[in-house]
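The values are calculated or read from the model by the stated rules, or taken from the named source; none is laboratory data. Remember, it's a predicted structure, so these values are computed and weren't measured experimentally. Note: ideal-geometry Cβ built from the backbone for every residue, glycine included; neighbour counts use all protein chains shown. Calculation scope for accessible area: heavy atoms of the full protein, side chains included, ligands and nucleic acids excluded. Shrake-Rupley method; radii C 1.70, N 1.55, O 1.52, S 1.80 Å.
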Amino acid sequence: MKGKELLEEERVSHTQHLNVTSPKPSDNTPARNILASTGGGGTSFSPHFIRLGILGAEKTNKKTVSAIRNPISLCTVTAIASNDRAAVERFINDWVSHPFGGSGSDIAVFPGEATFGDLIESDLIDAIYIPFPDTFQKDLILKALECNKHVIIDLPCGPCSLGDMNEIIDAAKRNGKLFMDGSKFAHHQRTTEFISRIACPDFGPVEQIEVEFSVMKDDARSGSSDELVWLSEHNNVLTSLGWYCARIAVAILEETRGEEDTEAGELMSATVKSISRDEAGNLNEIKADVTFANCCVLSFQCCLGVRSTRQSIKVFADEYSGELYDTFHPHDIFTSFQIHKKEFSNDPMIQGPIEIVDSIECRAGPLQDAYIWRKFGALARGIDDACLAHKLPLRNMNMVEWPEGPAAREANLMLDSALETQAIIDALLRCVEEKGE
């Protein structure tokens, strides 16, 4: 089966899994024509796609297009604002030339950074995508939420603070909209499968988690991930790579704790063991330990620019351990992780425990970035539908929580993980300040 037919088969398969109908538009059908719009803040309750407006085209390219236009994605682009004319033209050309792309006339262009506000207020879009990995655009995020737009940012929230995160989440719930950070690995099927093996009762309580995430600029640029390139150019290793290390540990502890053990993943203490800075004074390497309420210890090491690219996680229980070596960005179509078990042999010739290794293979594809657009589209649409079902007004909702439903429950779990992760990052930032190296 050839490329486009295979992608279409995957699209049908994933659509059936969600029990929704998402017919693919024909190649000559403008995206805007297949989208239902109710007006009133630009919120679409169509069973099709969430309409994205992009703030800035400079950080987008063919890989961005491929992720959004991937058959499993539930999003499409209908507007873009940028002061870089060449970048806008390049994005539209990539969009038109993509196998599942549409016409360039489907994308409204808002020229100049001064038009960001006009795009946010536009009825052409349901959601805002902010691809500024080097800064945290709190004001833009809050404005978009207040204008009844869902928001997704490109990278984790490390550059913000726990107070900023709480303010943004309150605004999202008050306006009945979704806010989502860019931890792409958290939505990938391989991460889910690895954590589900760790969460098996036979594995036992998790005692220690070791994570290493290092990115070399040359390695990142020669690879297939724009996210790695952007991370390699960040000026603080803790608020970029460190966020990933903390985020996956929080995900593991949330999945493995018992129903009554609600505080298992709560932060108890944070210690910075060592740090180093580059010539400009930016934090580019850190080793740290984090202890949680269930006595599990997270030990991680992150490095930007001075070590070869490495990404691994090891999880230890009493008798079992698990390890994954391409933790945040899978390298190939197939990937694998290992589960180790210590067993004692009855053979008198063998002294001490022997180790049994189980290697589990799973698919790494499709493109990891596409999963986050699928998740964002599904949750945003689910929250919109819940608000509509509760007959809530589209503007000035002034809610405390999203209306009850599957999308709200999953979004709340996701935001709880982000808050717990941010609490870890904030605690370690204070340790770095006190260390003063």
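Against the condition at pLDDT 85 or above, open to solvent by 10 Å² or more (accessible area, probe 1.4 Å) and over 17 Å from the mean Cα position of the chain (by Cα), how does Ser196 come out, does it pass? Before you say what the answer is, go through the steps one by one.
Working: at pLDDT 85 or above: yes; open to solvent by 10 Å² or more (accessible area, probe 1.4 Å): yes; over 17 Å from the mean Cα position of the chain (by Cα): yes.
Criteria met by Ser196.
Can you find even one residue in the stretch 204-218 that is β-branched (Val, Ile, Thr), within 22 Å of Asp369 (Cβ to Cβ), modelled with pLDDT under 90 and open to solvent by 10 Å² or more (accessible area, probe 1.4 Å)?
no
Would you check which residues across the stretch 175-193 are closer than 28 Å to Ala427 by Cα and either open to solvent by 20 Å² or more (accessible area, probe 1.4 Å) or in contact with a Ser or Thr (Cβ under 7 Å, 6 or more places away or on another chain) (or both) and list them?
Phe185, Ala186, His187, Thr192
What are the pairs with Cβ atoms under 7 angstrom where one residue, in the stretch 266-293, is closer than 15 Å to Val211 by Cα and the other, located anywhere, is open to solvent by less than 60 Å² (accessible area, probe 1.4 Å) and hydroxyl-bearing (Ser, Thr, Tyr)? Sequence gap at least six, or different chains.
Correct list of pairs: Glu285/Ser276; Lys287/Ser274; Asp289/Ser299; Thr291/Ser269.
Residue by residue through the stretch 316-349, note down the ones that are over 18 Å from Val211 (Cβ atoms), at pLDDT below 80, part of a loop (DSSP other than H, G, I, E, B) and open to solvent by 70 Å² or more (accessible area, probe 1.4 Å).
Matches in the stretch 316-349: Asp332, Ile333, Asn346, Pro348, Met349.
Just to be sure I understand, how many residues within the stretch 52-79 are out of contact with any Leu (no Cβ under 8 Å at 6 or more places or on another chain), under 19 Å from Pro111 (Cβ atoms) and of a type in the set (A, V, I, L, M)?
3
Given the conditions (1) over 17 Å from Gln137 (Cβ atoms); (2) over 17 Å from the mean Cα position of the chain (by Cα), report the number of the one that Gln189 does not fulfil.
Among (1) over 17 Å from Gln137 (Cβ atoms); (2) over 17 Å from the mean Cα position of the chain (by Cα), the lone unmet condition for Gln189 is (2).
Of the residues Phe110, Phe49, Phe45, Phe91, only one is of a type in the set (Phe, Trp, Tyr), modelled with pLDDT under 90 and farther than 19 Å from Leu379 by Cα; which?
When all the criteria are applied, what remains is Phe91.
Can you tell me how many residues within the stretch 274-290 are in a strand (DSSP E or B) and either small (Gly, Ala, Ser) or out of contact with any strand residue (DSSP E or B) (no Cβ under 8 Å at 6 or more places or on another chain) (or both)?
Result for the stretch 274-290: 3.
Determine if the stretch 229-241 includes at least one residue that is over 29 Å from Thr291 (Cβ atoms), hydroxyl-bearing (Ser, Thr, Tyr) and either at pLDDT 90 or above or open to solvent by less than 10 Å² (accessible area, probe 1.4 Å) (or both).
So far as the stretch 229-241 goes, yes, one or more of its residues are over 29 Å from Thr291 (Cβ atoms), hydroxyl-bearing (Ser, Thr, Tyr) and either at pLDDT 90 or above or open to solvent by less than 10 Å² (accessible area, probe 1.4 Å) (or both).
For the subset of the stretch 263-308 comprising residues that are within 14 Å of Glu433 (Cα to Cα) and among the β-branched types (Val, Ile, Thr), which member is surrounded by the fewest Cβ atoms within 10 Å (Cβ to Cβ)?
Thr271
Quick check: anything in the stretch 365-381 at pLDDT 75 or above and loosely packed, with under 15 Cβ neighbours inside 10 Å?
no
In the stretch 398-407, is there at least one residue being farther than 18 Å from Ala251 by Cβ, at pLDDT below 70 and open to solvent by 50 Å² or more (accessible area, probe 1.4 Å)? Break it down into steps so the answer makes sense when it comes.
Within the stretch 398-407, the subset farther than 18 Å from Ala251 by Cβ is 398-407.
Cutting the leftovers down to at pLDDT below 70 gives us 398-399.
Retained after the next criterion (residues that are open to solvent by 50 Å² or more (accessible area, probe 1.4 Å)): 398.
Checked the stretch 398-407: at least one residue is farther than 18 Å from Ala251 by Cβ, at pLDDT below 70 and open to solvent by 50 Å² or more (accessible area, probe 1.4 Å).
Looking at this structure, is Ala264 in contact with a Ser or Thr (Cβ under 9 Å, 6 or more places away or on another chain), closer than 17 Å to Cys296 by Cβ and at pLDDT below 90?
In short, yes.
Looking at Leu155, is it at pLDDT 90 or above and either farther than 14 Å from Arg51 by Cα or not in a loop (DSSP other than H, G, I, E, B) (or both)?
Considered against the rule, which asks whether it is at pLDDT 90 or above and either farther than 14 Å from Arg51 by Cα or not in a loop (DSSP other than H, G, I, E, B) (or both), Leu155 comes out as no.
Going by the structure shown, is Lys435 at pLDDT 90 or above and open to solvent by 40 Å² or more (accessible area, probe 1.4 Å)?
Criteria not met by Lys435.
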